[in-house]
Amino acid sequence: MTRDRRRHGGGEHRPPPVRKPPAPPPERKGSRVLLVAILSCLIGFGAFGYSNYMKWRQAVRVVTLHPTAPILPPNSSTAAASPDLFWGTYRPQVYLGMKTRSPRSVVTGLMWLSQSGAPSLRHTCEQGDGLARYGWLLHDGVNFGIQEIRDKGFTLRTEVVKRPGGQHGGDWSWRIVGTPDDPSAPAQLLSLLFYVATDGQGSLTPHVDGRGHLSSVTGTSEELGAFTIHLPKPMAGGTGHVSYNHLVTVCPGLHHITDVVRGSMRDGFTHPAADGSNKRRYFGLDTHHPPSHPGSDHSRIIIHQVTFHLPAQLEVLFESDSFTQRPGPLSGVVFSSELDFHRKNMEDRFQNSFHLGKKGFISEQVSFAQAALSNMLGGIGYFYGSSLVQSQHNREPIPYPPAPLYTAVPSRSFFPRGFLWDEGFHLLLISRWDPSLAWQSLAHWLDLMNADGWIPREQILGPEARSKVPAEFVVQWDKNANPPTLFLALRQLLAGGALSSEGLQFLRKAFPRLQTWYDWFNNTQNGPLPYTYRWRGRDGDTLRFLNPKTLTSGLDDYPRASHPSDDERHVDLRCWMTLASEVMATISELLGEDGGRYKESHIALTDNTLLDKLHWSERLGAYADYGNHTQNVALEWERLRPAPGQDPRSVPPPRLIRAVRKAPKLQFVGALGYVSLFPFLLQIISPDSPKLGRLMDHIRDADKLWTPYGIRSLSKSSPMFMQRNTEHDPPYWRGPIWININYLLVRSLHWYSQIDGPYRERALSLYRELRINLISNLYRQYKESGFLWEQYNDQTGRGQGCHPFTGWSSLIMLVMAEEY
């Protein structure tokens, strides 16, 4: 009490009474509680709704296309916009087929069936068919093509000629000539089957003559208007007799055509023997017994079968009804004249473009080079459909927006579809022949970009393409990149001097997409340190694989860090981004855009001091990846024993698993090979750098990378050299010779041989030697086997892997021409 009195100046102080507010009426208090509850619910529902909206938005982001206008308008491939390219051999997955550049094209194709010996129906390009050779001898990409197919005991020569006219892409004709390999042997009986099919829209009407033979087909489609396909009588050898069969039916899709034909064949037909003696039975289409389960009427098909003894010749004529000023049928002598005109034109243009004769190549070698180019051009396909894609925000794969793709393919038999990193190499060759085709392919690929800047690396568009792909490779993940080799093609197209109006128009439209693509790489494939990069999508299974694969790098099983982690930095990806920065800076300057950030990145990425700090391994004497790594790993058999009382039959069989004999640590990866050479391959190393000389030493060392056939993918001194990755996974990029990387190597040696520096003469010597080795081996293998191959054996030079591989292996033509 005393202290209180002193504080208030003496005397007793009483505070005024506190008045409490009156209690609210019961109904008002309840209203407030209700209001708070409602607001809480609304906030909760709003938060829940917003959360779901954001999840939905993230889930659909992967299939949301880039917001800028497409580079190519929707009608760019129509007959009106591009009549010369409307029809083409755009079905590389079949031995011979035609279609238009439209989503639901009328398609045509060829099958054949040898009636001598065991029947074998040929249609789609299959390695299992065991053909001695097939491929285009000449094909200019636009007007004509000549192909040779060598089957067992006979050869088919297929010739295609197009003729412009009308409003729907003009006319085209085929000629198929069959000849026996041994004219003195008993005449072979062969059936050729030509078919025409709709793909979801259009109509077809067969026309049969008085003898019941199919003589023509008329049809209509949205983009072709009305047309007629004429089927004149073949020219047959032997007795001259021709047997006819035909079938009109439906099936659920073009990828079922082979099955429909097989299911419609009966052996109850007869054909006169070549010597006029007893008739022999043959397999023919049975009009009275169509397929028992044809499916839906998605595709209407008319198949024309002619059976005769070899030698023989068949022609097929497609004529557009809008071509009213036709000078006459494109057949017989007229066909031969048109074919000769286009053939001579291509041969003259080829010689004037590449000068192989002046470089000392004999005629057979020139023909080899022409075939390499022709198979690249004849392997261009037109696809339409949706990719299946997956992101971390989707529980299941979802379809990408349907889109077209005009692209070359790596292999007609094994990879008849678009691959992002392959196409950049393809366009190095295509752009030398016809830049317009290259600009169109680039536009198609960039128009596949989503809003974030991601392009699915493998394009499996449409049922026909998907039918050739194992299920495990169908789904594409949006975190996964692929080498941005389209910048390789762009750099070449930009280096040719003044840009065409088509090229300049492309760059203006493509620039926003290229910016987003470049940013996507820097945002999603960035490494742990500034100016480092890391491939996403490495296989995380450290038990099953000897070295977890990196499919996204394009180099599949090339040895990387043994234990994938976020600490990795990959030298090849860094070099690809160096190239991308250079090209983006160049394009920015051409368009008058601000390219400062690209120039800044390029300066940093070409800084050899920084490059050496991040990626030079003194122990390896070369550039290397960095990561959590150990060399001491091996595949060992795991043998499980049954537990007491367990049935031994229930024990899983033995399997190979990885044994780690020494713990990994952060270090450079000791794998000398293609990845080590990337700063050299993309000309990032300074011409006076001692590192350049050391890499040249490795290249020329036969105990490391050098072979008489090309540079092997992995050094013989590497612990991973030619090692299997699993029991069923043989080495792929662990020793064999690959032509795309050898092309980059030859090109770089040529470049360094033209630049002043202490290694100029060494580069020139290596260039000359390696160039001769590559040309000699690929030409020899082509002569012996009839094919270009996916890869080549480092010990023997023999082609191996899939064939024909007339994608980037066709770059040998540019090596011959010294076009870099």
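The values are calculated or read from the model by the stated rules, or taken from the named source; none is laboratory data. Keep in mind that what you see is a predicted model, and the values were worked out from it rather than measured. Cβ: placed from backbone, ideal geometry, glycine included. Neighbour counts: every protein chain shown. Heavy atoms of the whole protein, side chains included, go into the accessibility calculation; ligands, DNA and RNA do not. Shrake-Rupley method; radii C 1.70, N 1.55, O 1.52, S 1.80 Å.
Count charges around residue 584 for me, please; just the other residues with Cβ under 13 Å from its Cβ, Lys/Arg as +1, Asp/Glu as -1.
That works out to -2.
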query = What label, among (i) 36.7; (ii) 30.1; (iii) 33.3, belongs to Kirkwood radius over Cα pairs in Å computed from the structure on display?
reply = (ii)
ask   = At a probe size of 1.4 Å, how large is the accessible area of residue 749, to the nearest 10 Å²?
value = 0
remark   = Descending accessible area (1.4 Å probe), largest on the left, turns 779, 384 into 384, 779
inquiry  = I'd like the trypsin sites (Lys or Arg not before Pro) in the stretch 296-390 restricted to DSSP loop residues with at most 15 other Cβ atoms within 10 Å, sorted by number.
reply    = 358, 359
query = How big is the accessible area of residue 436 in square angstrom, nearest 10, if you roll a 1.4 angstrom probe over the protein chains?
reply = 40
query = Leaving out same-chain residues fewer than 8 places away, which aspartates and glutamates sit with a Cα under 18 Å from that of residue 359?
reply = 347, 348, 769, 818, 819
note = Rounded to the nearest Å, the spacing of the alpha-carbon centers of the stretch 71-147 and the stretch 178-215 is 16
inquiry  = I'd like to know which of 454, 735, 755 lies farthest towards the positive end of the charge dipole of the chain, counting +1 on Cβ of Lys and Arg and -1 on Cβ of Asp and Glu.
reply    = 454
ask   = Can you give the relative contact order of the stretch 696-806 as a percent, counting alpha carbon pairs under 8 Å and 6+ residues apart?
value = 23
ask   = So how far, in whole Å, is the C-alpha centre of the stretch 551-591 from the one of the stretch 423-494?
value = 16
Total charge dipole magnitude, the stretch 680-820, about the Cα centre, Cβ charges on Lys, Arg, Asp, Glu only, Debye to nearest 20 = 160
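Determine the dipole magnitude for the chain: charges of +1 sit on the beta-carbon of Lys and Arg, -1 on that of Asp and Glu, nothing else is charged, the reference point is the Cα centre, and the result goes in debye to the nearest 20.
Details: 87 positive and 76 negative charges, 664 e Å.
Result for the chain is approximately 3180 debye, rounded to the nearest 20.
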Debye, to nearest 20: dipole size of the stretch 565-706, +1 on Lys, Arg Cβ, -1 on Asp, Glu Cβ = 980
note = Relative contact order of the stretch 536-623 (C-alpha contacts under 8 Å, at least 6 apart) in percent is 17
key: Relative packing of 781-794, 495-508, 523-536, which averages over residues the other C-beta atoms within 10 Å, highest first   = 781-794, 523-536, 495-508
note = Which residues qualify? For residue 666, with a placed amide H closer than 5 Å and at least 5 residues away or on another chain, they are 629
inquiry  = Just want the answer: with Cβ charges of +1 for Lys and Arg and -1 for Asp and Glu, which residue in 149, 176, 435 is farthest toward the dipole's positive end in the chain?
reply    = 435
task = Report, in deg cm²/dmol and to the nearest 500, the calculated mean residue ellipticity at 222 nm for the chain, where each DSSP H run with n ≥ 4 adds -39500 (n - 2.57) and the sum is divided by the residue count.
result = -10000 deg cm²/dmol
ask   = Quick one: which of 225-232, 634-641 comes out on top by average Cβ neighbours within 10 Å, and what's the full order, highest first?
value = 225-232, 634-641
task = Select from 548, 571, 660 the residue farthest towards the positive end of the dipole of the chain; place +1 on Cβ of Lys and Arg, -1 on Cβ of Asp and Glu, and compute about the Cα centre.
result = 660
request  = Would you mind checking the pairs 509/549; 691/716; 479/599; 468/509 and listing those with alpha carbons more than 30 angstrom apart?
outcome  = 509/549; 468/509
